[in-house]
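Asker: Structure incoming, see below.
The values are calculated or read from the model by the stated rules, or taken from the named source; none is laboratory data. Source: prediction; values computed, not measured. We place every Cβ from the backbone using ideal geometry, glycine too, and count neighbours over all the protein chains shown. To get the accessible areas, we keep the full protein, side chains included, count just its heavy atoms, and leave off ligands, DNA and RNA. Shrake-Rupley method; radii C 1.70, N 1.55, O 1.52, S 1.80 Å.
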Amino acid sequence: MAASSSEVAQQQIDEIEALSSIYGEDWCVVDEDEKIYCIKIGDCLDQPKWTLCLQVILPSGYPTSEPPIYQLNAPWLRGQDYTELANSLEEIYIQNLGESILYLWVEKIREVLVEKAQSSNSEPDIKKITEEVDEDNGDDFLLDYQAVQEDPVEILNYITSESQEDEELPVIHHGNPLTDRRSTFQAHLAPVVTPRQVKRVLEKLYENKKIASATHNIYAYRIYCEDKHTFLQDCEDDGETAAGGRLLHLMQILNVQNVLVVVSRWYGGILLGPDRFKHINNCARNILVEYNYVHSADESSKPAGKSKKIRKDNKKKTEH
């Protein structure tokens, strides 16, 4: 007898709760409504050298009739290594049809990382601040939030210094505010095709006293470079630790391009915990849908494509 949709949904809920309990901070909810999750996996608990981020989307038929949609994200994972690991995961799925398999996948990946650490004295290649990434590898936004500490304005000034012409200010759209426990979230969106336009939009937004007074202005952008067939993309936490990376990852999953999304948060004095990330991403997704950057569910499951990303840490570190 086939499981009902409610039974399948409950299986997913039970598995997610178990994984969240097992992996703690290494388990990340990217978008709860779309059932997008990431798990950071390392070769050991303390100061791992080999790390990988497993990103999964759980379709409505998982685990009874559909496999998870997944990406394996790490700067060193290419070619034969990627193929072998992907084959191992698909073999696990086939051997356990109809069962919850995410825990088996995570532990298989950890086993591979441990083997790499034991068989090699060398460390994996670490990405530079700006680097093109192989299409299959996606982005390693969760691997190291504190890789490079730079001021976001200085980085944008550096990027735009080569192009001095005064580009037109794009139209800026504002989403509907969302309030939870006295914290208010609001998304802003602008079409952009150059980093200079990103800088101009941010400057224009900060001319608004209300936006400038927000506790956090989290942003991410993705620009498709036609000549190089790559994405120029970046994000900023503005003190809401990890929020910029999650926002950028959502935009990659949704496969949007040539757009900047800023989410302002005015803190109301009550800590929201993980709910703050859900609200940030929901506001962002809603405005992307409203202005037709997200066309269908099919597009949201496509790989993000090649990318060029400037990675940095944020200038403030707070929980709220």
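Asker: Between residue 114 and residue 27, 0.36 nm times their residue separation minus their Cα-Cα distance comes to what? The partial results should precede the final answer.
Answerer: Working: separation 87, 0.36 × 87 = 31.32 nm, distance 1.92 nm.
Going from the current span to full extension adds 29.4 nm.
Asker: Something else now. Among rounded, prolate and oblate, which fits the range 1-74 when a ≥ b ≥ c are the square roots of the eigenvalues of its C-alpha gyration tensor, a/c under 1.5 means rounded, and a/b larger than b/c means prolate? Walk me through the intermediate numbers first.
Answerer: Values: a/c = 2.55, a/b = 2.06, b/c = 1.24.
In terms of gyration-tensor shape, prolate.
Asker: Each residue of the range 179-189 in turn: what ³J(HN,Hα) in whole Hz from Karplus with 6.51, -1.76, 1.60 and θ = phi - 60°, glycine and Pro shown as x?
Answerer: 3J(HN,Hα) across the range 179-189, in whole Hz: 10, 9, 6, 6, 8, 10, 10, 8, 9, 10, 9.
Asker: Oh, and also: Seen from all sides and averaged, what is the projected area of the convex hull of the Cα atoms in the range 54-118, in nm²?
Answerer: Working: hull surface 17.3 nm².
Average projection, Cα convex hull of the range 54-118: 4.3 nm².
Asker: Right, here's the next one. Using a Förster radius of 25 Å, what is the FRET efficiency between residue 184 and residue 9 based on their Cβ-Cβ separation? Nearest 0.05, please. Provide the component values of the computation, followed by the final result.
Answerer: Details: r = 31 Å, r/R0 = 1.23.
Working from the Cβ atoms, E equals 0.20.
Asker: Turning to a different aspect of this structure: How much accessible area per residue does the range 1-114 have, counting only protein heavy atoms and a probe of 1.4 Å, in square angstrom?
Answerer: Details: 5710 Å² over 114 residues.
Per-residue value: 50 Å².
Asker: Sticking with this one: Could you order peptides 64-77, 198-211, 248-261 by the average number of other Cβ atoms within 10 Å of their residues, highest first? Let's see the in-between values first.
Answerer: On the way: 64-77: 18.7, 198-211: 16.1, 248-261: 23.9.
The peptides rank, most packed first, as 248-261, 64-77, 198-211.
Asker: Test of understanding: what is the full-extension gain from residue 212 to residue 107, defined as 0.36 nm times their sequence separation minus their Cα-Cα distance?
Answerer: On the way: separation 105, 0.36 × 105 = 37.80 nm, distance 4.47 nm.
Gain on stretching residue 212 to residue 107: 33.3 nm.
Asker: Which of 40/116; 49/228; 40/199; 35/278; 199/278 have a Cα-Cα distance over 23 Å? The partial results should precede the final answer.
Answerer: Details: 40/116 16 Å; 49/228 31 Å; 40/199 32 Å; 35/278 11 Å; 199/278 26 Å.
As for pairs spanning more than 23 Å Cα to Cα, those are 49/228; 40/199; 199/278.
Asker: Let me ask something additional. Between residue 290 and residue 172, what is the label-point separation in nm under the 7 Å Cα-to-beta-carbon projection?
Answerer: For the pair residue 172/residue 290, the computed spacing is 1.5 nm.
Asker: Right, another one. Evaluate the relative contact order of the range 30-115 (contact order divided by residue number), counting alpha-carbon pairs under 8 angstrom at least 6 apart; express in whole percent. Present the calculation step by step, with values, prior to reporting the outcome.
Answerer: Numbers: 109 pairs, mean separation 24.3, N = 86.
Taking the mean separation of contacting Cα pairs over the length of the range 30-115, I get 28 percent.
Asker: At most 10 other Cβ atoms within 10 Å and a DSSP loop assignment: could you name the GluC sites (Glu not before Pro) in the range 221-282 that fit? Present the calculation step by step, with values, prior to reporting the outcome.
Answerer: On the way: sites: 226, 236, 240; in loops: 226.
Listed in order of number, the matching sites are 226.
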